[in-house]
Amino acid sequence: MLIIVLVLTDGLPAQDADHLSGAEIQAALQLSPKKHHAELIDMQTVFAHTGSGQGKQLPKIEVFMPDAWIAFQREYAKKQYLKYEPTNEDTLRAMTIVASGMAIGTSSGPACDSVARIALISDKAGSVVVESLKNESQDSTWQNAFGAKATCVSVKAKFMLSEISRVQAAADKGQFTIAVFYAGGSSKMYKVKSYYLKDLGL
């Protein structure tokens with residue numbers, strides 16, 4: 001007698017080499033949101049613009065390994081009193097980078113730097129340059145007491161871990177650079193130094 005078993009997979013995270021396994025997803029759902037996560041702030045730009053280390057929005061990047069991204073999403077949903085189920089995209093074996101620019105108040109109103117693109121670079125010569133698998137932009141609007149407004153764009157980008165390994169292999173001591181390019185033409189190079197690599201588990 002032949003028995004055919006149908007397995008319904010709609011809505012379930014994909015199980016393949018590019019995605020976390022079910023066990024890894026469950027472990028990520030129990031992970032501290034501070035683990036395998038790093039925040040790099042461009043304090044040089046902050047002090048150059050304000051002299052005080054303060055601003056409406058600090059220029060920075062937040063870097064999440066796959067399990068840390070799930071933990072972060074879980075905590076965000078919890079604060080909103082929502083149930084969180086990892087999506088297919090959430091379970092990718094990918095590093096997630098969220099980049100935002102400087103936002104400050106000026107005599108003529110709010111001003112900010114909008115992010116246009118994020119890339120990974122092995123060295124100054126650009127021996128290996130990795131583009132994101134996917135990126136999404138998010139707008140934030142700042143307004144002062146006189147009604148003047150400015151809109152900033154932040155970008156969330158995903159890079160497969162296989163590509164992270166490739167850029168690391170070409171970088172000195174594995175310390176690659178996360179390059180953030182702004183809409184106005186400027187850029188910021190964030191060096192992922194050894195202590196950040198340790199925090200990320202790389």
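The values are calculated or read from the model by the stated rules, or taken from the named source; none is laboratory data. What you see is a predicted model, and the numbers here were worked out from it, not measured in a lab. Neighbour counts are summed over all protein chains in view; Cβ atoms, including those assigned to glycine, are modelled from backbone coordinates with ideal geometry.
Brief remarks on what is shown
- Any chance Thr45 is modelled with pLDDT under 95, touching a Lys or Arg at 6+ places or on another chain (Cβ under 8 Å) and β-branched (Val, Ile, Thr): yes
- Subset of segment 166-185 that is in contact (Cβ under 8 Å) with a residue 60 or more places away in the chain and of a type in the set (A, V, I, L, M) - its residue that is surrounded by the fewest Cβ atoms within 10 Å (Cβ to Cβ): Ala183
- Residue match in segment 122-144 (condition: under 16 Å from Lys188 (Cα atoms), at pLDDT 95 or above, in contact with a Ser or Thr (Cβ under 7 Å, 6 or more places away or on another chain) and surrounded by 18 or more Cβ atoms within 10 Å (Cβ to Cβ)): no
- Single residue of segment 69-92 satisfying the filter (closer than 15 Å to Glu136 by Cβ and charged (D, E, K, R)) that is surrounded by the most Cβ atoms within 10 Å (Cβ to Cβ): Asp90
- Long-range neighbours under 8 Å by Cβ, at least six apart or interchain, first residue touching a residue at least 60 places away in the same chain (Cβ under 8 Å) and surrounded by 11 or more Cβ atoms within 10 Å (Cβ to Cβ) within segment 186-202, second of a type in the set (Phe, Trp, Tyr) and assigned to a loop (DSSP other than H, G, I, E, B): Val192/Phe176
- Here segment 59-68 is the region considered, the condition is being touching an Asp or Glu at 6+ places or on another chain (Cβ under 7 Å) and assigned to a strand (DSSP E or B), and the residue that is surrounded by the fewest Cβ atoms within 10 Å (Cβ to Cβ) is Glu62.
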